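Student: Before I ask anything, let me first share the structure, which is written out below as structure tokens.
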Amino acid sequence: DEIIRSLATGQETIEELITLLVGETNEAENEEVKTAEELRVLMRKHYTVGGLTDVLSVFGPVKEDFTTLGKIAKSRAVAIFRELKAGGGASSAAKPPDSYSSSNAAAMPPSRPPVASSQPSVQMPQVPSSYPGAYDGNSGAKSVPFDVISQAQKLCRYANSALEHEDVATAVKNCEQVLQLLRPYNN
């Protein structure tokens, strides 16, 4: 019984930390002008939120709200990383798109503190967190919209799932769709 309480306490503590950090990142995202150092701090907070949502899996199934917040945080961290790598400060990648504030109300967990709940938050597609440096904005290729990346990732997951079930035809079909989506952005 003590272990169960400890696990529940650990999960609640991590969920509270995520909620607190999301509130802080939302406040920082609302600032119009950010220095490079402020962007680095914001990027670290987003990475931390993404990592904490991964840690939640230790306690069992992760609530969908927190899974979504983790994906959003990871994609924002990658976007800020790309902006910093390109030498930018306060430009378009440093500020989330307009859809960021309108669609995130549903993504916040119900346990979110009232102060933070008045803050808008981000709804962006996921970007693989394990390769943040792989997305080099200086590669010369056309910039790929996040919705295209998101769709390509979804199709890749479908292809992977099909391969797990030894359904090669479906895997090939999904991979071909990914290629069709991404070819216009490949020099």
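Student: Hey, can you tell me all the residues within the stretch 63-106 that are surrounded by 19 or more Cβ atoms within 10 Å (Cβ to Cβ), within 25 Å of THR13 (Cβ to Cβ) and at pLDDT below 90?
Tutor: ASN104
Student: Checking THR53 against (1) at pLDDT below 90; (2) buried (at least 18 other Cβ atoms within 10 Å of the Cβ); (3) β-branched (Val, Ile, Thr), which test does it fail?
Tutor: Here THR53 meets the rest and fails (1).
Student: What is the number of the single condition among (1) surrounded by fewer than 15 Cβ atoms within 10 Å (Cβ to Cβ); (2) not in a helix (DSSP H, G or I) that LYS34 does not meet?
Tutor: The number of the failed condition is (1).
Student: State yes or no: is TYR135 at pLDDT below 80, under 23 Å from ARG76 (Cα atoms) and not assigned by TED's automatic domain parsing to the domain that holds ILE80?
Tutor: yes
The values are calculated or read from the model by the stated rules, or taken from the named source; none is laboratory data. All figures in this text were calculated on a predicted structure; none of them were measured in a lab. As a convention, Cβ positions derive from the backbone with ideal geometry for all residues, glycine included, and neighbour counts pool all protein chains shown.
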